[in-house]
Amino acid sequence: MSGTPTYVPKSAFGRWFEARLPIMGLVHSSFVAYPTPRNLNYLWTFGAILAFFLVSQIVTGVVLAMHYAPTATQAFASVDHIMRDVNYGWLIRYLHTNGASLFFLAAYVHIFRGIYYGSYKAPREVLWILGVIIYILMMATAFMGYVLPWGAMSFAGATVITSLFTAIPVVGGGVAQWLWGGYAVGDPTLTRFFSLHYLLPFMIVGVVCLHIWALHVAGQNNPDGLDVKDVERDTVAFTPYATIKDLFALSLFLILYAWLVFYIPNYLLDADNSTVANPLSTPAHIVPEWYLLPFYAILRAIPNKLAGVIALFAAIALLAFLPWLDTSSVRSAKYRPLFRVCFWLFLACCVGLGWLGSQEVNDATTLAARVLAVGYFGFLIVVLPLLGLVEKTKPMPASIADAVLAKRGEASAPVTK
């Protein structure tokens, strides 16, 4: 049974304050009594995990900014100062660097879960688009943060990625020079990236608030992709039912976090970034962080620079159009056998592109990246629209409650098509 949507403070001061600024009522209705589909699985806990890591990244980032010097002559030394001289500076930095990787890992699970269960379909289109905007802001923030240590890989990565804008006709050169603050990556570039890296997380917080608002307006999706028909039977209160699962899943994720930080803190960092940036010396193999590798592989797979840039941005932008590219009326892959197969092939393409993005360029890796890029775009542009026309879906339960009871074997659920 779901909780009551009303909140009445017990104390006189609480009632006085709530009548003037109903913050506790908003918290209660959003995170305590909010009706949650009773069939949610642990894949729905990654939203809470993402919220934790967003806060963690902001807190550790603010502390690091207190000791960081955003100049080309002092940036690398200031990071070394943080690691060696600041009390627990090494811990703060490793929490921040490894937290970024786990932030993206949780985001990718969250995104692919949304694709698998059709969380982008009506009435959640705006919710999904806001999620894509958050993802884009995360990538921009992460890229700029990767440049700040001013190591050899930071400098090379900044040069390669910012130079891509020069391929854009008419305005590309101006955009690149604005990012550089001159005619090449240098001290003004670092200052700009530090400012934006500090600002963008707070923009992410703003979009996350809109994301949560849209979620509460449209309601949560669920593994069966069914709408809530009977609040009393189909839902439970968010607290304690969902919060207990969120806390348990977060605890497991924090164990992985602690293992990375305390046992292998440099595992996900590039060794070339341990040497100071030198414009006259370029690393033999330039690679971005692991969470950007699939798009980097698509970029490298296309020989024409402008076409590569278009493909890079299209690979991300197309995600925002999933609500309209997918023409099926059934949300969940549980009842879409052909979609389920195509989804796992799509996931394999993404993982394969990520691995290829980390490899040195040769004829074999380039060919493989082109094949997987065709698979990536083919799924989004061709497969999704066609499946909705030709796929024969499985019968669906009449309600969320019936789906839960049928799974438990307590009752046979009526089916609808």
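State whether the residues of the range 93-105 include one that is surrounded by 14 or more Cβ atoms within 10 Å (Cβ to Cβ), over 28 Å from the mean Cα position of the chain (by Cα), among the hydroxyl-bearing types (Ser, Thr, Tyr) and part of a helix (DSSP H, G or I).
no
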query = When Pro37 is evaluated against the numbered criteria (1) under 23 Å from Pro201 (Cα atoms); (2) out of contact with any Phe, Trp or Tyr (no Cβ under 8 Å at 6 or more places or on another chain); (3) touching a residue at least 60 places away in the same chain (Cβ under 8 Å); (4) not polar (S, T, N, Q), which criterion, by number, is the only one it fails?
reply = (1)
task = Sort out which residues of the range 63-82 are touching a helix residue (DSSP H, G or I) at 6+ places or on another chain (Cβ under 8 Å), assigned to a helix (DSSP H, G or I) and surrounded by fewer than 16 Cβ atoms within 10 Å (Cβ to Cβ), and write them in order of number.
result = Ala65, His81
Enumeration of residues in the range 11-44 that are closer than 19 Å to Cys209 by Cα and in a helix (DSSP H, G or I) = Ile23, Met24, Gly25, Leu26, Val27, His28, Ser29, Ser30, Phe31, Trp44
message = Of the residues Leu367, Leu345, only one is in a helix (DSSP H, G or I), modelled with pLDDT of 95 or more and either over 22 Å from the mean Cα position of the chain (by Cα) or of a type in the set (Val, Ile, Thr) (or both); which?
response = Leu367
ask   = Does the range 312-333 contain any residue that is part of a helix (DSSP H, G or I) and over 21 Å from Gly131 (Cβ atoms)?
value = no
message = Please go through the range 32-44 and give me each residue that is of a type in the set (Val, Ile, Thr) and either within 14 Å of the chain's Cα centre (by Cα) or surrounded by fewer than 20 Cβ atoms within 10 Å (Cβ to Cβ) (or both), ordered by number.
response = Val32
inquiry  = Pull out all pairs, ordered by first then second residue, where Cβ-Cβ is under 8 Å, the residues are six or more apart or on different chains, the first lies in the range 372-391 and is within 16 Å of Lys121 (Cβ to Cβ), and the second is outside any helix (DSSP H, G or I) and of a type outside the set (S, T, N, Q).
reply    = Leu384/Asp326; Pro385/Asp326; Leu387/Asp326; Leu387/Arg336; Gly388/Asp326; Glu391/Arg336
request  = Would you confirm whether any residue within the range 307-324 is buried (at least 19 other Cβ atoms within 10 Å of the Cβ) and touching a Pro at 6+ places or on another chain (Cβ under 6 Å)?
outcome  = no
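The values are calculated or read from the model by the stated rules, or taken from the named source; none is laboratory data. As the structure is a computational prediction, the values presented were derived from the model and not from experiment. No Cβ is skipped: glycine too gets one built from the backbone with ideal geometry, and neighbour counts run over all protein chains shown.
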